[in-house]
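The values are calculated or read from the model by the stated rules, or taken from the named source; none is laboratory data. None of the values given here were measured: they were computed from a predicted structure. Glycine gets a Cβ as well: all are built from the backbone with ideal geometry, and neighbour counts include every protein chain shown.
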Amino acid sequence: MLDSNLFPFSNGVLCCEGVSLERLAEKYGTPLFVTSRNSLVNQYRSFEKAFALLDHLTCYSVKANFNLHIIRTLAAEGCGFDVNSGGELYRALQAGADPAKIIMAGVGKSAAEIEYAISSGILMLKTESLSELRLIDEIAGRLGVQASVGIRVNPNVTAETHPYITTGDSKEKFGIDETDLAQVFSLIGAMDHVNLTALDMHIGSQIFDTEFYHAASEKLLDVLAVARSAGFAIRYFDIGGGFPVTYDPQKPATPIGHFAEKLIPLLEKAGTTILFEPGRFIAANSTVLVTRVLYRKRNHAGKEFVIVDAGMTELIRPALYQSHHEIVAVKPHDSMMVADVVGPVCESGDFFARARTIDAVGEGELLAVLSSGAYGSVMGNNYNGRLRPAEVMVDGDDATLIRKRDTFEQLIQNEV
Ligand SMILES: Cc1ncc(COP(=O)(O)O)c(C=O)c1O
């Protein structure tokens, strides 16, 4: 849930820190993503506080929200970054992130991306296949350097979450199977340009039960023992991201302190620096999506539709994962109604909520779709010729435009 101190109601209007969302909507138009800078920082700091007893580096997973200002805000806090492509690496570097704190994941990195990562001097590349490992060795050889590499192990632990965001199960494409590890170790042993520095896993996203991390970490510790006995000096033990947030007050997330309590005694056994890759935990509840009601209509069956100017092109999570997002009126009403909140995109899946009790808003009024900071804007697209929205970051009483709204010209600029 949002921190109500950072998203308070003031004079009957929902604000982000000290700035009214109504004012921001008037100034920048809608749909509009509005991020609280202090919420981002607080989330990062609460993660750091929970794991303070461990030698660790937190690498924010920029796929959750890669706006340069968000990366910059976290870099200023000392945060590292987890990137998943050349494009994300470019963003992190452009935002001023320290390459020595950047790690790169990705089940299908291209040769160009691998070369870019190695020549940027990042902390390590996580490899997910034998073929990729050979390519890394070859590219590092051509560049005349040693590539620092981590093996992403598939621990075959099925975390209980949405099937599209479970990644540590052996039927998924991610990581290298435990059964192939002996081959991997002997291959790396014979390579001249690969330095195995890390073991890595990522078992999924929005995982509520600490037990899944515990079970997978135990498996990774077994792999660590084998790697060490094979002579590798492993310096980093990376347990990935996936730490949960509350989207729905009826389903509160397990507090981060519980994960720390359960995992610290186990992770200390690694005797390495522990890497974490939280994305959602830091970004999700720091941003709201402000949208205006275009139309209301009622069908023959008495079903009420609230048609808003944002849709699945701005926030695809309800359509893709059937995710719940709280929806509140920027200016709350005394009366409520049951309605479907839907977008303008030509897809039946374009909805934010179905049969939801919401404020009885009228046409022209503003709604805020909460917890939209992770996997929101970054998954946005121009389907239906939609213009990707503007984004604003608020710090106290100051609001800064951190992304301009797309223009029609930009929609066609690459079509030559
Ligand atoms: C390798 C890796 N690390 C970290 C994350 C971040 O996950 P979350 O946002 O749930 O923390 C992801 C998400 O897909 C991922 O694939």
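Data table
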item	result
Looking only at segment 84-119, and only at residues there that are among the polar types (S, T, N, Q) and crowded, with 17+ Cβ neighbours inside 10 Å, the one that is nearest to THR179 (Cα to Cα)	ASN84
Selected residue (only one of ASP177, ASP169 is at pLDDT below 95, within 22 Å of LEU275 (Cα to Cα), acidic (Asp, Glu) and surrounded by fewer than 17 Cβ atoms within 10 Å (Cβ to Cβ))	ASP177
Any hit, segment 255-272, residues being within 15 Å of the ligand (Cβ to nearest atom) and among the charged types (D, E, K, R)	no
Any hit, segment 368-382, residues being over 26 Å from LEU40 (Cβ atoms) and either among the hydroxyl-bearing types (Ser, Thr, Tyr) or not in a loop (DSSP other than H, G, I, E, B) (or both)	no
Residue in segment 299-314 that is of a type outside the set (A, V, I, L, M, F, W, C) and within 16 Å of the ligand (Cβ to nearest atom) present	no
Where LEU2 falls short, out of the listed (1) in a helix (DSSP H, G or I); (2) outside the structural domain of ASP398 (by TED's automatic domain parsing); (3) farther than 23 Å from ILE118 by Cα; (4) not aromatic (Phe, Trp, Tyr)	(1)
ILE118 vs. criteria in contact with a strand residue (DSSP E or B) (Cβ under 7 Å, 6 or more places away or on another chain), in the same structural domain as ALA260 (by TED's automatic domain parsing) and more than 16 Å from the ligand (Cβ to nearest atom)	yes
Residue check, VAL345 part of a strand (DSSP E or B) and assigned by TED's automatic domain parsing to the domain that holds VAL19	no
Search result, residues across segment 335-391 that are on the phi > 0 side of the Ramachandran plot and touching a Leu at 6+ places or on another chain (Cβ under 9 Å)	GLY364, SER371, TYR375, GLY385
Checking ALA215 against (1) within 16 Å of the ligand (Cβ to nearest atom); (2) over 26 Å from ILE102 (Cα atoms); (3) not basic (Lys, Arg), the condition it does not meet	(1)
ASP200 over 23 Å from HIS325 (Cα atoms), among the acidic types (Asp, Glu) and touching a Lys or Arg at 6+ places or on another chain (Cβ under 7 Å)	yes
Strands (runs of 3 or more DSSP E) contained in segment 187-304 and holding at least 2 residues surrounded by fewer than 18 Cβ atoms within 10 Å (Cβ to Cβ), assigned by TED's automatic domain parsing to the domain that holds ARG405 and modelled with pLDDT of 95 or more	287-298
Members of segment 325-342 that are farther than 20 Å from CYS15 by Cβ and buried (at least 19 other Cβ atoms within 10 Å of the Cβ)	ALA339, VAL341, VAL342
Unmet criterion (only one of (1) without any contact (Cβ under 8 Å) to a residue 60 or more places away in the chain; (2) more than 16 Å from the ligand (Cβ to nearest atom)) for PHE208	(2)
